[in-house]
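The values are calculated or read from the model by the stated rules, or taken from the named source; none is laboratory data. For clarity, every value in this text was computed on a predicted model and none was experimentally measured. Please note: Cβ atoms are built from the backbone with ideal geometry, for glycine as well, and neighbour counts cover all protein chains shown.
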Amino acid sequence: MLLRSGASDADLRNLISESVAAKEPGHLISRPGFQQPQRAMYQIGG
């Protein structure tokens with residue numbers, strides 16, 4: 001949304017920083033209840 005609305009570089013930097021800070025550490029694979037995705041990473045471009 002920000003890119004399409006003409007956000008500034010500072011706005012984009014803030015969004016990226018907030019998103020990275022909110023991300024949980026690790027991949028959560030070892031947590032109880034983890035469900036393996038239907039598609040592998042290579043299938044989604046990861």
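This table checks each residue for (1) out of contact with any helix residue (DSSP H, G or I) (no Cβ under 7 Å at 6 or more places or on another chain); (2) among the acidic types (Asp, Glu); (3) at pLDDT below 90.
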| site | (1), (2), (3) |
| --- | --- |
| 9 | yes, yes, no |
| 19 | yes, no, no |
| 24 | yes, yes, yes |
| 29 | yes, no, yes |
| 46 | yes, no, yes |
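Within segment 3-14, can you find the residues that are in a loop (DSSP other than H, G, I, E, B), at negative phi and either in contact with a Phe, Trp or Tyr (Cβ under 9 Å, 6 or more places away or on another chain) or surrounded by fewer than 10 Cβ atoms within 10 Å (Cβ to Cβ) (or both)? Once the filter is applied, which keeps residues that are in a loop (DSSP other than H, G, I, E, B), at negative phi and either in contact with a Phe, Trp or Tyr (Cβ under 9 Å, 6 or more places away or on another chain) or surrounded by fewer than 10 Cβ atoms within 10 Å (Cβ to Cβ) (or both), segment 3-14 yields 3, 4, 5, 8.
Here's the yes/no breakdown for (1) part of a loop (DSSP other than H, G, I, E, B); (2) surrounded by 10 or more Cβ atoms within 10 Å (Cβ to Cβ):
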residue: 1; (1), (2): yes, no
residue: 16; (1), (2): no, yes
residue: 20; (1), (2): no, no
residue: 24; (1), (2): yes, no
residue: 30; (1), (2): yes, no
residue: 35; (1), (2): yes, no
residue: 38; (1), (2): yes, no
